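Comments concern the structure below.
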Amino acid sequence: MSYIDFREAMKLKAYLLAEGLNIDKSIESNTNFNYKKFHLYDHSSETPSIIIPDDIIIFHDKEYSGKDIISRNRFNPNSKWLVKLINGKLVLENPDGKINDISFPPRPLFDNLEVNNQPLEKLVTKLGTDLCGVILSNNCFYFGSKKECKFCEILPTYLDYKSYPTATKKTKHLIDALNKALEADNTFEHIVITTGNVGSYDKTLELFIEVGKGIKETKDTKKIISTATLMPPNDFTYIDKLKEAGFDNVYFDLEILDENLFNIVVPGKADYGYQRLIDALKYATNIFGKGNVFSNLVYGIQTLPESLETLNIDFIKENQKCLEAVDFLLNINVLPVFTVYHSSGRNEIGKIELEGSKLFEFFEEYGRRIYGSNLIPESRKSIIFSLGSTSNTMYNDGFVLAALESQKNKLAVEV
């Protein structure tokens with residue numbers, strides 16, 4: 001394995017996320033995979049006619065992280081990228097006819113368990129190969145006030161699929177589900193809990209504290225790292241209590257760097273306050289420590305016009321704006337991470353045609369800047385979670401590529 005091999009695999013992933021993936025019916029004979037479920041959103045406006053995998057594994061990094069490059073299946077029946085079974089072997093056929101060997105992540109080891117008379121996997125999702133994902137609530141009070149984020153589909157997706165009887169889960173059921181899942185599946189290394197806003201910002205955080213305390217013994221015994229993703233509270237001292245409850249990392253998501261566009265795209269967060277959200281991030285770095293506080297931004301919408309028109313996005317300018325956001329957050333000791341925009345047709349912004357080459361170029365340079373920030377200890381081998389956790393974005397891929405590039409350059413100097 002080499003830096004060049006990893007770079008090519010990461011470039012492949014960029015195209016798969018940008019252009020989507022088609023799945024041939026021949027895979028129906030291969031049933032031992034983690035099939036596609038709806039954790040937060042649907043990642044496509046198309047509905048497959050067969051059960052399809054949530055992710056595909058396209059490369060194994062033996063040299064640095066020991067983890068897989070894994071890509072989310074953004075199903076697109078018109079994509080020129082095709083997964084199929086040939087002579088019993090899973091392959092990815094490229095638009096030029098080239099064949100790549102791939103595999104699917106296996107099913108979780110808790111799919112026979114129940115909580116609250118519901119399958120446990122309706123409460124806990126295995127993301128990638130080692131991340132345990134939980135959603136406290138698929139509802140958000142921004143929808144009630146008509147101030148939902150313009151890219152958000154959390155409530156509409158839930159209403160269409162209703163994968164659990166209630167949009168907001170009881171904390172006792174989540175605690176039970178998490179403890180059972182962590183005991184049953186020893187491949188978990190990380191937990192992430194996310195949510196829509198429930199009742200109030202402080203109330204939402206109180207619910208996180210309940211869950212954190214309820215799983216602390218299990219997660220500490222198994223040495224699992226836990227992350228909370230939510231809006232900051234009105235009372236910043238609640239952030240201290242989140243740390244005391246056992247969370248190792250926290251996300252407060254800015255989503256949009258430009259303040260004027262922030263006010264348009266995330267009007268509910270705008271009511272909370274742009275500067276206030278940044279102040280909460282700064283406060284959190286004093287509680288959780290540098291390298292443990294994160295803020296998400298959405299790649300693909302940072303340079304939208306105020307009309308939110310999506311037809312003429314200049315991805316060179318988009319990359320520049322995203323890198324400006326990277327530098328801004330690093331300057332306050334907050335680690336920026338990016339989701340890659342997608343729409344199933346349930347949000348206000350709508351479809352955006354991403355460019356795979358520009359997506360790759362952004363995350364390549366992004367990785368260099370994060371790696372060079374010295375905010376991340378060498379032992380972590382990722383920005384957050386692991387390379388094998390983050391199939392729907394490329395921030396860990398970019399970080400690992402930067403680490404491999406650094407190793408390559410050091411060897412060149414020594415020679």
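For the stretch 161-175, does any single residue satisfy the condition of being more than 21 Å from Thr204 (Cα to Cα) and surrounded by fewer than 16 Cβ atoms within 10 Å (Cβ to Cβ)? Yes: the stretch 161-175 contains one or more residues that are more than 21 Å from Thr204 (Cα to Cα) and surrounded by fewer than 16 Cβ atoms within 10 Å (Cβ to Cβ).
Looking at Gly388, Gly350, Gly356 in this structure, which one is within 19 Å of Ile256 (Cα to Cα) and among the small types (Gly, Ala, Ser)? Break it down into steps so the answer makes sense when it comes.
Working: Gly388 fails: within 19 Å of Ile256 (Cα to Cα); Gly356 fails: within 19 Å of Ile256 (Cα to Cα).
Exactly one of Gly388, Gly350, Gly356 is within 19 Å of Ile256 (Cα to Cα) and among the small types (Gly, Ala, Ser), namely Gly350.
Checking each residue in the stretch 114-139 for being outside any loop (DSSP other than H, G, I, E, B), polar (S, T, N, Q) and surrounded by 17 or more Cβ atoms within 10 Å (Cβ to Cβ) picks out Thr125, Ser137. Inside the stretch 256-296, residues that are surrounded by fewer than 16 Cβ atoms within 10 Å (Cβ to Cβ) and small (Gly, Ala, Ser) make up a count of 2. Candidates Glu255, Glu259, Glu244, Glu306: the one that is within 22 Å of the chain's Cα centre (by Cα) and acidic (Asp, Glu) is Glu255. Considering the stretch 3-41, and only residues there that are outside any helix (DSSP H, G or I) and at pLDDT 85 or above, the residue that is nearest to Ile86 (Cα to Cα) turns out to be Asp24.
For Asp111, the criteria (1) surrounded by 21 or more Cβ atoms within 10 Å (Cβ to Cβ); (2) in a loop (DSSP other than H, G, I, E, B) hold in every case but one, which is (1). Given the structure, is Ser44 buried (at least 18 other Cβ atoms within 10 Å of the Cβ) and modelled with pLDDT under 90? The answer is yes for Ser44. For the stretch 355-365, the tally of residues that are out of contact with any Phe, Trp or Tyr (no Cβ under 7 Å at 6 or more places or on another chain) and not in a helix (DSSP H, G or I) stands at 0.
If the condition is being touching a Lys or Arg at 6+ places or on another chain (Cβ under 7 Å) and either of a type outside the set (S, T, N, Q) or not assigned by TED's automatic domain parsing to the domain that holds Glu148 (or both), then the stretch 331-354 contributes Ile332, His342, Glu348, Ile349. Residues in the stretch 374-415 that are within 17 Å of Cys322 (Cβ to Cβ) and in a helix (DSSP H, G or I): 7 in all.
The values are calculated or read from the model by the stated rules, or taken from the named source; none is laboratory data. Predicted model, so just to flag it, every value in this text is computed and none were measured. Ideal geometry is used to build each Cβ from the backbone, glycine not excepted, and the neighbour counts take in all protein chains shown.
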